[in-house]
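Read the structure below first, then the notes.
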Amino acid sequence: MHKLSELTRYSTFAAVVVLTVLSVVAIFVWSAWFWVPFVVFAYLSLVGLHDVRQTAHSVLRNYPVLGHIRFLMEMIRPEIRQYLLEDDQEEEPFSRDQRSLVYQRAKGQEDSRPFGTKKRVYDGGYSWVTHSVYPKHIDNTDFRIDIGGDACTQPYSASIYNISAMSFGSLSGNAIKALNMGAKEGGFAHDTGEGSVSRYHKEGGGDLIYQVASGYFGARAEDGSFDPEKFAKTAQLPQVKMIELKLSQGAKPGHGGMLPAGKITEEIAEARGIPMGEDCISPPAHSAFSTPIEMCEFIGQLRDLSGGKPVGFKLCIGHQREFMCMVKAMLETGITPDFIVVDGAEGGTGAAPLEFANHVGMPMVEGLTFVHNTLRGAGIRDQIKLGAAGKIVSAFDIARALALGADWCNSARGFMFSIGCIQAQACHTNHCPVGVATQDPLRAAALDPEHKSKRVARFHRETLFALGEMTGAAGLSNPSGFMPHHLMQRQSDRSMVQGNKAFPYLPIGFLVDADAPDHHGYKDRWSRASAQTFSPPEYD
């Protein structure tokens, strides 16, 4: 079946080569008029030969000759859409406009648009950044944030835009290498995802955020439990700059996973520290802790074992009370994470059951607002940096997240687009047409890491340049100055509301001040939260 699939990929190229040969035979046997089809088929054969040798387009390397149909459709699709089908805003999960913006910036092409916005600016949900009549010019757009609290001895100066978690195993080795090489060239970080640090991460040489999930890959004992010695060996690699404890992810919060034995290669087994020939299980919950206090103590242990590197956790908000349990445990133990990454239910690269993708988890905007205000209410927001993830691919997406409380942003699918992802949504089938999300060696070989890494770095650089222009337009010197009042949002009734009314910053310390008034029901949840357990209180 695999060989048949590969023959199908090259069938068009093979067919035109055969027809070229037959045309030559026909010229000598039947008629000289067969030179016309000979010229056509010979030209297509040369096109196919060029396709399999070039490195710029993975689609053409995997589908020589036939792949040009896609690019032809890209050229004529705007007219087809405009008159017959849909507009550029309707394609999901990312619109054509969003993907085109990433492609253009990654390739260094013109990203300006003529003829005004295509957005329906008078419809509910439309939002914008307020600008100043006295804009500023920003020369240096390499915006960075220092991460690491008092207990951290190896703080990290991170870019405010980094590659979000994607594991080797979900992505191909060439894709991982391209992303990491791009991160090194651009001076930003690359989250390993739960699949641990692979040889391809190491070959890339870029800064890593080592993610530790419930499977403890890279830090896993034979019985699947957490192994401190193995963790320390991985975490103390010079390339690893931060440690991220994954509690949940936006694509499928509260859902575990399994990598079937048949898909586990020797390289995946090496990276994850798992045996060959057995299903690889990622449990829904961690086994190293079961209470909020134990979780804080585990974070402290990870920090010590890593040699004092920044340690934080990532989650998609579910029960709001449970996050407040974590915050109460921070106050009780005095152990705070160096950072928290809020993932949105907008989803990510991981395949998920439809019900989880559509109906489980809090979207990033609401989740980020809640986490930011809870930490402010507890009086510890200044001790913890906040990251945000959830369909962040443009300068406006970053500006909005920063205004709502984030210190930096991560993107997974945006950087996938930068290395050639075409949103085929075949990530879980092993048949990715561009070699990004597959373990098929022939498909993955179509992705050239050297070439694609340049696009990764360029996309990052151009996006931050655009953010700098937007920041200056708002009259600010640094994007960290974005606040809710810099945002405006149109309501469903077409009235406008300022961001500080839709997403207000709540008073510092109001949750721990008995005399302070409640805001939006926060104190009610706070009263039901316990540092001792995640379980809900019993009701009469």
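The values are calculated or read from the model by the stated rules, or taken from the named source; none is laboratory data. It should be emphasised that the depicted structure is a prediction, and the values quoted were computed from it without experimental measurement. When we count neighbours, we look across all protein chains shown, and the Cβ atoms used for this are built from the backbone with ideal geometry, even at glycine.
Any residue at all in segment 381-389 that is in a loop (DSSP other than H, G, I, E, B) and either on the phi < 0 side of the Ramachandran plot or buried (at least 23 other Cβ atoms within 10 Å of the Cβ) (or both)? So far as segment 381-389 goes, yes, one or more of its residues are in a loop (DSSP other than H, G, I, E, B) and either on the phi < 0 side of the Ramachandran plot or buried (at least 23 other Cβ atoms within 10 Å of the Cβ) (or both).
The numbered conditions (1) under 17 Å from the mean Cα position of the chain (by Cα); (2) β-branched (Val, Ile, Thr); (3) at pLDDT below 95 are all true for residue 463 except (3). Does residue 471 meet the test of being in contact with a helix residue (DSSP H, G or I) (Cβ under 9 Å, 6 or more places away or on another chain) and at pLDDT 95 or above? Yes; evaluated as a whole, the condition is true for this residue.
Could you tell me whether any residue of segment 196-212 is crowded, with 18+ Cβ neighbours inside 10 Å, within 25 Å of residue 462 (Cβ to Cβ) and among the small types (Gly, Ala, Ser)? Yes, because at least one residue in segment 196-212 is crowded, with 18+ Cβ neighbours inside 10 Å, within 25 Å of residue 462 (Cβ to Cβ) and among the small types (Gly, Ala, Ser). Flag: residue 221 matches the condition of being over 30 Å from residue 332 (Cα atoms) and at pLDDT 90 or above. Scanning segment 440-465 for residues that are among the aliphatic types (A, V, I, L, M) and surrounded by 19 or more Cβ atoms within 10 Å (Cβ to Cβ) yields 444, 446, 447, 456, 457, 464. Of all residues in segment 187-207, how many are of a type in the set (Ser, Thr, Tyr) and in a helix (DSSP H, G or I)? Here the count works out to 1. Residues in segment 135-170 that are in a strand (DSSP E or B), surrounded by fewer than 19 Cβ atoms within 10 Å (Cβ to Cβ) and small (Gly, Ala, Ser): 157 alone.
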